[in-house]
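K.L.:
I'd like to ask some things about the structure below.
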Amino acid sequence: MINLSTLKTLAASFILLFAANTVFSQSAQTELEIIQEAFGLDKKVAVANFMELGDDAESFWNIYDEYEAERKELGKMRLKIIADYAKSYPTISDEQILELFKRTEAFKKSFGKLQKTYFNRMRKEVGTSKAAQFWQLENYFNAMIQAEIYAQIPFIGENLDEN
């Protein structure tokens, strides 16, 4: 089992990879897919090292792979929102803000639904404790990624020249 310090180091590596290639860049779609693939593969190693699955390993990994495929599609939605904000900044209009807000809320709702669906599937297949252990780890990764994104994106009205 991986310790918390190692987990945090792995998470920091994921975030650097994710943030360096997505925030305020003009990435091509193929680059986005490469980044997501790299993140998914490294993440899978971290999950494998963190969890002790035993006899439930095959069931868990089947569900995990399905979850990751759907999560990656939602990740593209989040990255598109960020890219659209970057294109509009610093002259973003009220209409653009409202549209991005609605898309962000739709993303959050979809992500929450995805997590609920797959938590319930995992719970039935590998037990509540293993499902909860995975979701703790998953939520940790997501919180770290979100924090890095927010740290890199300027606030509306922020003057970048002053920094």
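The values are calculated or read from the model by the stated rules, or taken from the named source; none is laboratory data. Because the structure is a prediction, the values reported are computed rather than measured. Don't worry about glycine lacking a Cβ; one is built from the backbone with ideal geometry, like all the others, and counts go over all protein chains shown.
K.L.:
Would you confirm whether or not the stretch 33-44 contains a residue that is part of a loop (DSSP other than H, G, I, E, B) and at pLDDT below 85? Before you say what the answer is, go through the steps one by one.
P.N.:
Going residue by residue through the stretch 33-44, those that are part of a loop (DSSP other than H, G, I, E, B) are none.
No: zero hits.
K.L.:
Restricting to the stretch 72-104, name every residue that is more than 23 Å from K44 (Cα to Cα), of a type in the set (D, E, K, R) and out of contact with any helix residue (DSSP H, G or I) (no Cβ under 9 Å at 6 or more places or on another chain). Working first, answer last.
P.N.:
Here is the first cut: in the stretch 72-104, the ones more than 23 Å from K44 (Cα to Cα) are 80-104.
Narrowing the set further to residues that are of a type in the set (D, E, K, R) leaves 80, 84, 87, 94-95, 99, 102-103.
Within the stretch 72-104, K87, D94, E95, K102 qualify.
K.L.:
Just to be sure before I move on: is F107 surrounded by fewer than 17 Cβ atoms within 10 Å (Cβ to Cβ) and touching a helix residue (DSSP H, G or I) at 6+ places or on another chain (Cβ under 8 Å) in the structure I sent?
P.N.:
Numbers: surrounded by fewer than 17 Cβ atoms within 10 Å (Cβ to Cβ): yes; touching a helix residue (DSSP H, G or I) at 6+ places or on another chain (Cβ under 8 Å): yes.
It is true that F107 is surrounded by fewer than 17 Cβ atoms within 10 Å (Cβ to Cβ) and touching a helix residue (DSSP H, G or I) at 6+ places or on another chain (Cβ under 8 Å).
K.L.:
Which condition number in (1) at pLDDT 50 or above; (2) in contact with an Asp or Glu (Cβ under 6 Å, 6 or more places away or on another chain) is the one that A19 fails?
P.N.:
That leaves (1) as the condition not met.
K.L.:
I'd like the full set of residues that are in a helix (DSSP H, G or I) and in contact with a Leu (Cβ under 8 Å, 6 or more places away or on another chain), limited to the stretch 90-128. Break it down into steps so the answer makes sense when it comes.
P.N.:
Of the residues in the stretch 90-128, the ones in a helix (DSSP H, G or I) are 94-126, 128.
The answer is F107, S110, F111, L114, V126.
K.L.:
Could we say that K130 is modelled with pLDDT under 85, basic (K, R) and surrounded by 14 or more Cβ atoms within 10 Å (Cβ to Cβ) here? Working first, answer last.
P.N.:
Numbers: modelled with pLDDT under 85: no; basic (K, R): yes; surrounded by 14 or more Cβ atoms within 10 Å (Cβ to Cβ): yes.
Answer is no for this residue.
K.L.:
For the stretch 76-83, does any single residue satisfy the condition of being outside any helix (DSSP H, G or I) and within 22 Å of I153 (Cβ to Cβ)? Steps first, please.
P.N.:
Within the stretch 76-83, the first condition is being outside any helix (DSSP H, G or I), and the residues that meet it are none.
No: the stretch 76-83 contains no residue that is outside any helix (DSSP H, G or I) and within 22 Å of I153 (Cβ to Cβ).
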